[in-house]
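Just so it is clear, none of the values below were taken in a lab; they were calculated from the coordinates. Note that the structure is a prediction, hence the values are computed from the model and not measured. All Cβ positions, even for glycine, are placed from backbone atoms using ideal geometry, and neighbour counts span all protein chains on display.
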Amino acid sequence: MEYKIKTIGVLTSGGDAPGMNAAIRAVTRAALGNNIRVKAIYRGYNGLINDEIKEFTDPQDVSGIIYRGGTILYTARSEEFRTPEGRKKAYEVLQKEEIDALIVIGGDGSFTGARALAQEWNVPVIGIPATIDNDLWGTDATIGYDTALNTIVECVDKLRDTGMSHERLFIVEVMGRDAGFLTLNAAIAAGAEAAIIPERDALGQEVENAMNGRKHKSSGIILVQEHAIEGGAQAVADLIQKHHPEVSTRVTILGHLQRGGSPTAYDRIIASQMGCAAIQALLEEQRSVMVGLVNGEIIYVPLSKAIKEKKDISNAKWKDMLTLSV
Ligand code: ATP
């Protein structure tokens, strides 16, 4: 059977996220299984502009990667692709390589770029949401979020051991760009005394709650989203020291530890589902959509909406759960 799309390009872009490899694997195998050629584009949009492309001809080309963190295609942030000239170069490479459609595995920035390319040069693009931040509208989960969440909880559990032994308050800085999903849910899962996130403008109250909670015990954990307050976790520690100089505090910045590691089973499963669904979308002649997962079902949402709409963190719901730990 002949399909309109004969060759796809696949790339990973923006921040790396555990499970990207599982998505590359699923895209490749689903495409080859439907007689679609697969061109792997290395180093995100930079690699597209510079024609860093290798064809995957065999399902074995993506063997042994489902359990590996990071991305075998490497990832990059490309300033050139932000410009119309850069995207023109990218389109010329797509033509030269005879790539009819592009699958972009990344976050909202990567999808903004993909949409611009689609609008300017009429290229069919499909987005697969992969970011540890889980900040994309139109999907309950993004690839990498579950792994990062579990990594954070594991680290906080360890800090709890030392914090209890020394009767200390640990203030832990968590990633998330502009979103508090990682911080809030890690705080719930780790039984933290407080979570300070960008979506909630109640720093003083959060800190006071945490200090009140600590009255029953000598240690404590406060999680701080990296951009919730200027200065991050250190700024929160300084504030506490100013008002409660008797408290022993320590700051831990988890940093890039949160990005690494073998993806959880959940991330591998959703990456596999989404990778197959991206090929299905092309077979159905869809374009400029993001694959999403809502209530366990695969859906397709327009890229324009996924980029523009803001995902609701439903603060009120989580607030009760957090106070359980105090
Ligand atoms: P993460 O959420 O993990 O950081 P992301 O996809 O949002 O992932 P970005 O660094 O925001 O990561 O974007 C990745 C790349 O997408 C950029 O380096 C750039 O090449 C492209 N991009 C981002 N925004 C735009 C834009 N407004 N126009 C064109 N291209 C863009």
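Summary of computed values
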quantity: Within the chain, percent of DSSP bridges classed antiparallel, to nearest 5; calculated: 25 percent
quantity: Integer Hz, Karplus 6.51/-1.76/1.60 couplings in order for region 291-307, x for Gly and Pro; calculated: 6, x, 10, 10, 6, x, 10, 6, 9, 10, 10, x, 4, 4, 6, 4, 7
quantity: Residue 74 versus residue 164: modelled label distance in nm, points set 7 Å from Cα along the beta carbon direction; calculated: 4.5 nm
quantity: Peptides ranked, highest mean first, by Cβ atoms within 10 Å: ranges 262-271, 231-240; calculated: 262-271, 231-240
quantity: Value of D in µm² per second that Stokes-Einstein yields for the chain, Kirkwood Rh from Cα pairs, at 20 °C (1.002 mPa s); calculated: 104 µm²/s
quantity: Among the listed pairs 89/310; 4/39; 4/88; 39/88; 39/310; 39/311, those beyond 26 Å (Cα-Cα); calculated: 89/310; 39/310; 39/311
quantity: For region 146-259, alpha-carbon Rg over 2.2 N^0.38 Å; calculated: 0.95
quantity: Amide H within-cut-off set for residue 249, under 5 Å, with H built and near neighbours excluded; calculated: 169
quantity: Amide H within-cut-off set for residue 76, under 5 Å, with H built and near neighbours excluded; calculated: 14, 44, 45
quantity: Region 57-158: radius of gyration over Cα atoms, expressed as a fraction of 2.2 N^0.38 Å; calculated: 1.28
quantity: ³J(HN,Hα), Karplus 6.51/-1.76/1.60, whole Hz, each residue of region 95-105, x for Gly, Pro; calculated: 5, 4, 7, 6, 8, 8, 8, 10, 10, 10, 9
